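Peer 1: If you scroll down you'll find the structure; I have some questions about it.
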Amino acid sequence: MNKLKTIMIIDGGGRGATLVDKYGQSKRVGKILVVPGNDLMQINTKKPVVTYQYLKTTSIKEILEICKKEQVDLVDVAQDNAVEAGLADTLLAEGIKVVGPTKKAGQLEWDKAWARGFMKKYQIPSPDYHVFSSTKDGIKFVNSKSKASWFVKASGLAEGKGAIPAKNGRQAIDAIKQMARFGKSGETYLLEQWLIGEEFSAFALCDGKNFQVVGFAQDHKQVFDGDEGPNTGGMGCVSNPLIVDENIRKQVKEIFKKAVDGLKIDGRPYKGVLYLGGIVIRGAVFVIEFNARWGDPEAEVILPSIKNDLYEVSQDIINGTIGKLNLKIDKKVRVVVAAVAKGYPVDYQSVKGKKVFGIDKAIKAEAKIYGAGIKKVNGGYMVAGGRILFVMDEGKNVIEARERAYRALRKVNIEGNNLHYRTDIGWRDVARLRETLRRGKKG
Ligand code: GLY
């Protein structure tokens, strides 16, 4: 009999926890290591999970040592800083199998100015954009176009918070001045045409030459109901969003093909999960951004829909056989909601260390709980980050899935009533479905 495999996941949040759950279901996997992981990584699998919370996703030397000592069979590089740091490159050079792009392939995410140039070269539909490396030049440009609206974007990685909407010149200048707070990531920034439309995300499994689209989601990035307030890493999302019809699917496939082919032609073959952040304007798809990984929390609703053994899917990515994979995706709709510390993403320091209650009850309500900024202390749990955990449930449609997720989430709280979550995740699809049902009844 084949020896069971030891795999390693590079991530610390809900996305990593979902990967643990999914690899844990593989008949080929015996043990899961997670760098850094968190204290809820074990709850969805009976297989042993070891976390290395003293490490960062960019602790390349230490990760390599662990891989050698533990004879790791596969590393899934799921987090963007690790891609930028070139973790995959180092591991591959040592003969270790990796799912996740090299630094050069992942430039599509960690260098947004470069990515726009790539999109232009391969005629991938995108907003107009202008790149700047000084505050002065950006302001001068804005002043020359005073009527325009922009997204001001840090070129480098900024935990999902580096894009600032600016409705007018005054807001754009303010946003340009804020680029400094992203440090090196904001030294180069973009002014992108503000496109008005409906956003969605799409994910493809790529093997360097071929790809398969694996799922779609719609995320809510702003912290408050009604899509108000500052951007976060993601407050919750739905799978199979209704905006994605056959026309959108076709365009998305064409865009992924241009990207995968272009990266191959440019000598940067992409092996791993490619994330397309898109916007639909009058039936046409434009690319807001590419990311070199699963989305978080999109992973929490798409990975559970894959019915194949994830370890075997990963082998197809590594071996260049993704085109032959008989990918099996279920038809359920999933909704995930982020439970965050009050004050997130601006200031939640005072909530750190407070007790988190009700996780066991939420699990008993049959939802999936994926941990993120959470620590186990004296048999209980406490807040250790902004996004604390994610509650995910499924159903035959968005209304059913959402009801189930919120029923479980309402069992969770934080000492001093310090829990915050959005109450309207999936509002677009819920409204659409209610309207369809209403019309059906009338008809
Ligand atoms: N949910 C957005 C992201 O992962 O970037």
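The values are calculated or read from the model by the stated rules, or taken from the named source; none is laboratory data. On a predicted model such as this, the values are computed, not experimentally measured, just so you know. Ideal geometry is used to build each Cβ from the backbone, glycine not excepted, and the neighbour counts take in all protein chains shown.
Peer 1: What number of residues in segment 171-200 are assigned to a strand (DSSP E or B), away from the ligand (no atom under 16 Å from the Cβ) and aromatic (Phe, Trp, Tyr)?
Peer 2: Matching residues across segment 171-200 total 1.
Peer 1: Is it the case that some residue within segment 293-316 is surrounded by 18 or more Cβ atoms within 10 Å (Cβ to Cβ), basic (Lys, Arg), within 14 Å of the ligand (Cβ to nearest atom) and at pLDDT 95 or above?
Peer 2: Checking segment 293-316: at least one residue is surrounded by 18 or more Cβ atoms within 10 Å (Cβ to Cβ), basic (Lys, Arg), within 14 Å of the ligand (Cβ to nearest atom) and at pLDDT 95 or above.
Peer 1: Restricting attention to segment 317-348, and to residues there that are within 22 Å of Lys253 (Cβ to Cβ) and touching a Phe, Trp or Tyr at 6+ places or on another chain (Cβ under 9 Å), which single residue is surrounded by the most Cβ atoms within 10 Å (Cβ to Cβ)?
Peer 2: Across segment 317-348, the extreme among qualifying residues is Ile322.
Peer 1: Hey, can you tell me all the residues within segment 22-39 that are part of a loop (DSSP other than H, G, I, E, B), out of contact with any helix residue (DSSP H, G or I) (no Cβ under 6 Å at 6 or more places or on another chain) and either hydroxyl-bearing (Ser, Thr, Tyr) or crowded, with 19+ Cβ neighbours inside 10 Å (or both)? Let's see the steps before the verdict.
Peer 2: Step one: of segment 22-39, the residues part of a loop (DSSP other than H, G, I, E, B) are 25-28, 37-39.
Narrowing further to those that are out of contact with any helix residue (DSSP H, G or I) (no Cβ under 6 Å at 6 or more places or on another chain): 25, 27, 37-39.
Within segment 22-39, Gly37, Asn38 meet the criteria.
Peer 1: Among Ile10, Ile43, which is within 16 Å of the ligand (Cβ to nearest atom), touching a residue at least 24 places away in the same chain (Cβ under 8 Å) and outside any helix (DSSP H, G or I)? Can you show your working first?
Peer 2: Working: Ile43 fails: within 16 Å of the ligand (Cβ to nearest atom).
Answer to the selection: Ile10.
Peer 1: So, in segment 201-231, how many residues would count as being near the ligand (Cβ under 10 Å from one of its atoms) and surrounded by fewer than 22 Cβ atoms within 10 Å (Cβ to Cβ)?
Peer 2: Of the residues in segment 201-231, 2 are near the ligand (Cβ under 10 Å from one of its atoms) and surrounded by fewer than 22 Cβ atoms within 10 Å (Cβ to Cβ).
Peer 1: Next question. Do we have any residue at all in segment 232-247 that's over 14 Å from the mean Cα position of the chain (by Cα), under 23 Å from Arg116 (Cα atoms), more than 16 Å from the ligand (Cβ to nearest atom) and surrounded by fewer than 22 Cβ atoms within 10 Å (Cβ to Cβ)? Working first, answer last.
Peer 2: Taking segment 232-247 and keeping what is over 14 Å from the mean Cα position of the chain (by Cα), we get 240-247.
From the residues that got through so far, the ones that are under 23 Å from Arg116 (Cα atoms) too are none.
No, there is no match, as no residue in segment 232-247 is over 14 Å from the mean Cα position of the chain (by Cα), under 23 Å from Arg116 (Cα atoms), more than 16 Å from the ligand (Cβ to nearest atom) and surrounded by fewer than 22 Cβ atoms within 10 Å (Cβ to Cβ).
Peer 1: Taking segment 260-281 on its own, how many of its residues are without any contact (Cβ under 8 Å) to a residue 60 or more places away in the chain and farther than 24 Å from Arg15 by Cβ? Reasoning before the result, please.
Peer 2: Taking segment 260-281 as the starting set, the residues that turn out to be without any contact (Cβ under 8 Å) to a residue 60 or more places away in the chain are 260, 264-265.
In the following step, the residues that additionally are farther than 24 Å from Arg15 by Cβ were identified as 264-265.
Count: 2.
Peer 1: Right, Asn319: without any contact (Cβ under 8 Å) to a residue 12 or more places away in the chain and of a type outside the set (Gly, Ala, Ser) or not?
Peer 2: Working: without any contact (Cβ under 8 Å) to a residue 12 or more places away in the chain: no; of a type outside the set (Gly, Ala, Ser): yes.
The answer is no for Asn319.
Peer 1: Quick check, is Pro125 assigned to a loop (DSSP other than H, G, I, E, B) and touching a Lys or Arg at 6+ places or on another chain (Cβ under 9 Å)? Even if it seems obvious, please write down each step before you answer.
Peer 2: Working: assigned to a loop (DSSP other than H, G, I, E, B): yes; touching a Lys or Arg at 6+ places or on another chain (Cβ under 9 Å): no.
Judged against the criteria, Pro125 is not a match.
Peer 1: Being within 16 Å of the ligand (Cβ to nearest atom), among the small types (Gly, Ala, Ser) and in contact with a Lys or Arg (Cβ under 9 Å, 6 or more places away or on another chain): is that true of Gly267 here?
Peer 2: On the way: within 16 Å of the ligand (Cβ to nearest atom): no; among the small types (Gly, Ala, Ser): yes; in contact with a Lys or Arg (Cβ under 9 Å, 6 or more places away or on another chain): yes.
Judged against the criteria, Gly267 is not a match.
Peer 1: Would you mind listing the strands (runs of 3 or more DSSP E) fully within segment 336-428 where at least 3 residues are under 20 Å from Leu19 (Cβ atoms) and within 24 Å of the chain's Cα centre (by Cα)? Give the derivation first.
Peer 2: Details: elements: 355-357, 368-371, 374-377, 380-383, 387-395.
Once the strands (runs of 3 or more DSSP E) in segment 336-428 are filtered for at least 3 residues that are under 20 Å from Leu19 (Cβ atoms) and within 24 Å of the chain's Cα centre (by Cα), what remains is 368-371, 387-395.
Peer 1: (1) under 24 Å from Met179 (Cα atoms); (2) in contact (Cβ under 8 Å) with a residue 12 or more places away in the chain: which one isn't true of Ile124, the others all being true?
Peer 2: So the condition that Ile124 fails would be (1).
Peer 1: Moving on to the next point. What residue, among those in segment 131-170 that are without any contact (Cβ under 8 Å) to a residue 12 or more places away in the chain and part of a helix (DSSP H, G or I), is nearest to Arg387 (Cα to Cα)?
Peer 2: Arg170
Peer 1: Please go through (1) over 21 Å from Glu298 (Cβ atoms); (2) among the acidic types (Asp, Glu); (3) crowded, with 19+ Cβ neighbours inside 10 Å for Asp174 and return the number of the only condition it doesn't satisfy.
Peer 2: Failing condition for Asp174: (3).
Peer 1: Looking at segment 282-292 only, could you name the residues that are assigned to a strand (DSSP E or B) and away from the ligand (no atom under 11 Å from the Cβ)? Steps first, answer last, please.
Peer 2: To start, the set of residues in segment 282-292 that are assigned to a strand (DSSP E or B) comprises 284-291.
Correct list: Ala284, Val285, Phe286, Val287.
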